[in-house]
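Here's the structure, in structure tokens; my notes come after.
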Amino acid sequence: MTTYNSNEIKRIEAKWQMFWDENKVFKAEARSDRPKYYVLEMYPYPSGKLHMGHVRNYTIGDVMARYRRMQGFNVLYPMGFDSFGLPAENAAIKNKTSPRVWTDNRMQDMVAQMKAMGLSYDWSRFLYSHSEEYYRWNQWIFIQMFKRGLAYKKKSLVNWDPADQTVLANEQVIDGKGWRSGAVVEKREIEQWFIRITDYAESLLRDLDKLENWPERVKTMQRNWIGKSYGTTIKFDVVDAQGKKIDELKTFTTRPDTVFGIEYVVLAAEHPKCKEWTIGKANESEIASFIKEVTKRSLIDRLGESSDKNGKPLGVYVINPVNGRRVPLWVADYVIMDYGTGAVMAVPAHDQRDFTFAKKYGLPVSVVIRPVDHAILNAADMTAAFVDAGIMVNSQQFDGMSSPDAMAAISQWMESQGFGERTVTFRLKDWLISRQRYWGTPIPIFYDDDGNPQPIPEDDLPVRLPEDVEFGRGNPLATSGSFRYYVDKTTGKKYRRETDTMDTFFDSSWYYMRYTDLNKDRPFHPDITNYWMPVDQYIGGIEHAILHLLYSRFFTKFLRDLGLVKFDEPFKRLLTQGMVLLNGEVMSKSKGNVVDPDAIIEKFGADTLRVFILFAAPPEDQLEWDDNGVGGSWKFLTRVWSLIYDRYQPADDRLKDAEITGPARDMERARHEAIKNVSEDFELYKFNTAISSLMVLLNQIDKFTAQNPADQAVLNRACRTVLLLLAPIAPHLCEELWQKIAGQEDTISRAAWPKFEEAMLKRDQVKIVVQVNGKLRGQFTAAADAGEATLKQMALADERVKVFVEGKEIKKFVFVPNKLVNIVVS
RNA sequence: GCUGGAGUGGCGGAAUUGGUAUACGCGCUGGUCUCAAAAACCAGUGUCCUCACGGGCGCGAGGGUUCAAAUCCCUCCUCCAGCACCA
């Protein structure tokens, strides 16, 4: 017998990886009578090498894919790369190469590692977003959005790095400086491209309810992100110091019950009216410099931990429409322009922010709701705002009402009076997709003579990334001689071209549909895509809970509205795997606490790595790396190897269930139990307990000795079952034994998943546990399905039980069939 | 602060239609084999009392419901994650 050692493993694993590849074992059928199943992992960024997080992600997906194939599904299980993005460009600058060369090399390395892990991808469907065939259709989708008004350009305040000449994301600004250049970042108002995802806010929120097999956590995060709130928009007359009406202003509130307590109204610094209303006034320059100062600070800075609030009175006033009171208008840094209307009615008595602000600037506080259990709430004594529900006071006809009732009554009344309107507001903002960077999909737009954006004709797609560019000084596209102009083919006229590229989240919002049909002449074929989609099982990190998963849902709804697809949610079942930790900390290169998957594969093989990563923790939990645990997984596979080698003997396996008796019957029952447990666990991704069930079965095999040919047949069955159940988890070892020992001709990857029979799980004798007053006092074996009377008699005959029952009155006898009895005594 | 999730041996974790708490694995202890070590194999391993038989106590804390609670209810504590001046 060959021993299962490092060298042997390398030979076996390489052998089967080559076999799978050459025989296209995992190729998905284009059309099939079999039911389809689409398993997908979030495609990775080609960072260089696989880390344990990838290993965990792909191992889970691979087990699901292999399991479904064995169950008879036509499985689609593809892989690709999210290969555009800033790191490639930075690496290219650093290493004096092109982003394309750098990226292609990284991808090649990672594909080799994926193959070494034995992942059963259909490599004929490989894709990557920097291929022209892919980004061409990215551009096409963008144009469809543009044509329908969903992609638009608007001025927006962004982080500008003056050294690198590019816009930076908020995450790339550290302590007010660019992360790479170290230059102090400026705030600039620049025209940017946005996608009107807010048009879909309502359906993105509503359809979360359809996603029964998504983690509650992810759905909650998306709900919070979309942030729907019901409230009232109130219209105020704006008057000057003399009381003359000069304009109107709208505010949004979720607390219409507090309108009688308004003491001032605040505008965000970005609100255009701040400047307009102070032009030519004495405070014009004071206000202008305040606005400049506030807007200069980054959003993170402004809304950070500090609860310090700053503001200035504008010198104009508004009239509260509910009681005719004139209150001052302020500008302050605690109001956000892009939520609601950018203007807020301030009620210091009943909102903590307004309270803090009012105290700081000596503004009055007036109570309009009192606590239910206090007759009075005195504004002078308040140290914090009263934000709970209560009883209305100082609110005219609404006095005495409960504040929740008043909320409805007041908004209704304001609506009938014409100055209020019930409104729904979302926190979700439009998606800024333009980047002043090279390594991304060029936005397919040119500007006509009037400067209006026009789509590049679809015949001219793709808008290719030029190769003859210079890196290191801002966006190479903006300085490229060949790229900057679009030439109309028929007229020969030159137009200025859009030189921004797209956020890579745009690329990743539909790649899962592209896998279903990689034809170069279309993004995908509706019929084929409708066959495969939605993705039945999607697996990825929780860090994408909002961005990627929300954008993908949006794309799906958009493409459905275009009539291209028939489904409206892309991912039926979602699994978010937990992080891999070392000594309680997330593995990261910068911390230097990484375990290299290659090193583990080198020493123990891919199968051991796969077993460990699945066995160490349930997939959604954090996983603590443990070298000893890896040793345990290794030992388990070694036992499978040597035990099956040792025990499997050619025998006549034709055997009727009825002929199986004695210890063989127990062996056979253990086999059926294992099939049941593993199958059920796989459905719920409980791979850790599935493996433990396999260990239990293996222990049973170890204990069982075959006395005759019938026993041997039973033993052989058990051995084959171990291989079949373990095949999705440790495929190389199982293929080898399946062929070599069990003498099977076809690959185990195509073998049928075993079935169990309920009848075989039944026992003739069952263990009955005896409790006295709920405490465990004894146990005995009885015939299955024995009646209450029999069990009572047997329980009372137990010596230990007697001690606790003797001399006492039996008040009650509790009986759980085939499980336990409980004798209740006084 | 809001939202979601979780607290079980020395460790990773099982067990939730209420019914033998700690499956499976790691570690540890003892043993077999060996000149020795490693590997492998066998036995033991919640805790306290007891030579032992056996018993008390044990699933974050406290209470409750029940014949019976890790599981259901109430109050509280701790940890993790996400969001956070959203009006």
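Key figures
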{"item": "Tally, over segment A:125-157, of residues that are assigned to a loop (DSSP other than H, G, I, E, B) and open to solvent by 20 Å² or more (accessible area, probe 1.4 Å)", "result": "4"}
{"item": "Residue check, residue A:681 within 14 Å of RNA strand B (Cβ to nearest atom), without any contact (Cβ under 8 Å) to a residue 40 or more places away in the chain and at negative phi", "result": "yes"}
{"item": "Selection count, segment A:70-87, where residues are part of a helix (DSSP H, G or I) and buried (at least 24 other Cβ atoms within 10 Å of the Cβ)", "result": "0"}
{"item": "Looking only at segment A:233-245, and only at residues there that are more than 16 Å from RNA strand B (Cβ to nearest atom) and surrounded by 15 or more Cβ atoms within 10 Å (Cβ to Cβ), the one that is farthest from residue A:322 (Cα to Cα)", "result": "A:239"}
{"item": "Residue list for segment A:213-232, filter: open to solvent by less than 20 Å² (accessible area, probe 1.4 Å) and either within 10 Å of RNA strand B (Cβ to nearest atom) or not β-branched (Val, Ile, Thr) (or both)", "result": "A:214, A:218, A:219, A:222, A:227, A:231, A:232"}
{"item": "Those residues of segment A:613-629 which are buried (at least 21 other Cβ atoms within 10 Å of the Cβ) and more than 9 Å from RNA strand B (Cβ to nearest atom), in sequence order", "result": "A:613, A:614, A:619"}
{"item": "Exclusive hit being surrounded by fewer than 23 Cβ atoms within 10 Å (Cβ to Cβ), more than 29 Å from residue A:27 (Cβ to Cβ) and in contact (Cβ under 8 Å) with a residue 40 or more places away in the chain, set A:708, A:699, A:688", "result": "A:688"}
{"item": "Odd one out for residue A:118, checked against (1) out of contact with any strand residue (DSSP E or B) (no Cβ under 6 Å at 6 or more places or on another chain); (2) farther than 18 Å from residue A:27 by Cα; (3) not acidic (Asp, Glu)", "result": "(2)"}
{"item": "Test: residue A:688 is within 14 Å of RNA strand B (Cβ to nearest atom), more than 22 Å from residue A:623 (Cα to Cα) and polar (S, T, N, Q)", "result": "no"}
{"item": "Every pair of residues 6+ apart whose Cβ atoms lie under 8 Å, when the first sits in segment A:189-200 and is over 11 Å from residue A:152 (Cβ atoms) while the second is part of a helix (DSSP H, G or I) and not acidic (Asp, Glu)", "result": "A:197/A:204; A:197/A:550; A:197/A:551; A:197/A:554; A:200/A:554; A:200/A:557; A:200/A:558"}
{"item": "Search result, residues across segment A:326-342 that are among the hydrophobic types (A, V, I, L, M, F, W, C) and either surrounded by 22 or more Cβ atoms within 10 Å (Cβ to Cβ) or more than 8 Å from RNA strand B (Cβ to nearest atom) (or both)", "result": "A:327, A:329, A:330, A:331, A:332, A:335"}
{"item": "Strands (runs of 3 or more DSSP E) contained entirely in segment A:444-513, each with at least 1 residues that are open to solvent by 40 Å² or more (accessible area, probe 1.4 Å) and of a type in the set (Ser, Thr, Tyr)", "result": "A:485-487"}
{"item": "Leading residue by the ranking (farthest from RNA strand B (Cβ to nearest atom)) among those in segment A:424-443 that are open to solvent by 40 Å² or more (accessible area, probe 1.4 Å) and of a type outside the set (D, E, K, R)", "result": "A:432"}
{"item": "Condition check for residue A:437: of a type in the set (Lys, Arg), part of a loop (DSSP other than H, G, I, E, B) and in contact with a strand residue (DSSP E or B) (Cβ under 8 Å, 6 or more places away or on another chain)", "result": "yes"}
{"item": "Single residue of segment A:359-415 satisfying the filter (among the polar types (S, T, N, Q) and open to solvent by 70 Å² or more (accessible area, probe 1.4 Å)) that is nearest to the chain's Cα centre (by Cα)", "result": "A:412"}
{"item": "Test: residue in segment A:114-124 that is of a type in the set (Asp, Glu) and surrounded by 18 or more Cβ atoms within 10 Å (Cβ to Cβ)", "result": "yes"}
{"item": "Test: residue in segment A:397-417 that is more than 16 Å from RNA strand B (Cβ to nearest atom), part of a loop (DSSP other than H, G, I, E, B) and in contact (Cβ under 8 Å) with a residue 24 or more places away in the chain", "result": "no"}
{"item": "Out of A:745, A:735, sole residue that is more than 16 Å from RNA strand B (Cβ to nearest atom) and part of a loop (DSSP other than H, G, I, E, B)", "result": "A:745"}
{"item": "Neighbours by Cβ (under 8 Å, 6+ apart or cross-chain): first from segment A:805-826, on the phi > 0 side of the Ramachandran plot; second within 10 Å of RNA strand B (Cβ to nearest atom) and of a type in the set (A, V, I, L, M)", "result": "A:818/A:766; A:818/A:768"}
{"item": "Set A:669, A:654, A:610, A:665: member being assigned to a helix (DSSP H, G or I) and open to solvent by 30 Å² or more (accessible area, probe 1.4 Å)", "result": "A:665"}
{"item": "Filter result for residue A:250 (surrounded by 14 or more Cβ atoms within 10 Å (Cβ to Cβ) and of a type in the set (Lys, Arg))", "result": "yes"}
{"item": "Meets criteria (over 18 Å from the mean Cα position of the chain (by Cα), in a helix (DSSP H, G or I) and among the polar types (S, T, N, Q)) for residue A:530", "result": "yes"}
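The rows are residues; the columns are (1) open to solvent by 30 Å² or more (accessible area, probe 1.4 Å); (2) touching a strand residue (DSSP E or B) at 6+ places or on another chain (Cβ under 7 Å); (3) within 15 Å of RNA strand B (Cβ to nearest atom).
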site	(1), (2), (3)
A:605	no, no, yes
A:633	no, no, yes
A:642	yes, no, yes
A:659	yes, no, no
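The values are calculated or read from the model by the stated rules, or taken from the named source; none is laboratory data. As the structure is a computational prediction, the values presented were derived from the model and not from experiment. All Cβ positions, glycine included, derive from the backbone under ideal geometry; neighbour counts span all protein chains shown. Surface areas here come from the heavy atoms of the whole protein model, side chains and all, with no ligands, DNA or RNA. Shrake-Rupley method; radii C 1.70, N 1.55, O 1.52, S 1.80 Å.
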